[in-house]
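Structure first, commentary second.
What follows is calculated from the coordinates using simple rules that are stated; it is not laboratory data. This one's a predicted model, so the numbers in the text were calculated from it and none came from an experiment. A quick note on method: Cβ atoms are made from the backbone with ideal geometry, for glycine too, and the neighbour counts reach across all protein chains shown.
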Amino acid sequence: MELTKEERNWCAYEKNEYLIFKSNLKNIDTLEVTDRNENYTNLNCNNVEVSFYQLNYIKLNLVLKSKKKSLLNCEISIMRDSDNENNHPHISIFGLKSDYPENGYKAIKQNLKLNTTNKIYKETYLFKDNISATNIEDGYLDEFYYDQKNGLLKYVAKNGESFELIKRIKQ
């Protein structure tokens, strides 16, 4: 089963792309897309115990390029597992993981204006800890904003420091 164009939009980054964020405290964070894997499950299609189908998926890994912070990685993935519905991406930004209605949560769709660039995004989802996202252990973030076509736009740490996207660099 192939991912739809709309589902593919959730994984808007290419390998070796850089995302530059600036905080309200004038700190800079750079995320590098270190891996983009697009493939199918059950490649030989002969293991019917797993599935009768080959499911199309995309998985991205992003790594924070900072000497101050460590073990803060990000992962974005989506898999086509049903012909009847749109599939939600699984997004983990520094350990804050997206949750969806089937888990009792609802991602909050809203407009977002970035103060750093004055750009307005109309398809942005807010993922907030204990509301529409869950932190792994004692996570770093309180919330992040993710746009279906433009990816990660903003994230806010538990200490209130807020980082906004200022530039995407494609190599």
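Things worth noting here:
- Annotation: amide H-H contacts under 5 Å for Leu55 (H modelled 1.01 Å from N, sequence separation of 5 or more, or interchain): Thr41.
- Cut-off 11 Å between beta-carbons: net charge of the residues surrounding Arg168, Lys and Arg +1, Asp and Glu -1: 0
- Each label was represented as a point 7 Å from its Cα along the Cα-to-Cβ direction; for Lys158 and Asn130 these points are 1.1 nm apart.
- Packing-based ranking, highest mean first, of 107-113, 93-99 given that Cβ atoms within 10 Å are counted: 93-99, 107-113
- Backbone phi angles across the stretch 136-147, fed through the Karplus curve with coefficients 6.51, -1.76 and 1.60 (θ = phi - 60°), yield HN-Hα couplings of 7, 6, 9, x, 7, 9, 9, 6, 8, 10, 10, 9 Hz in residue order; Gly and Pro are listed as x.
- Long-range amide H partners of His88 with built H, under 5 Å: none
- At full extension, Thr117 and Lys170 could sit 17.2 nm farther apart than now, given 0.36 nm per residue minus the alpha carbon distance.
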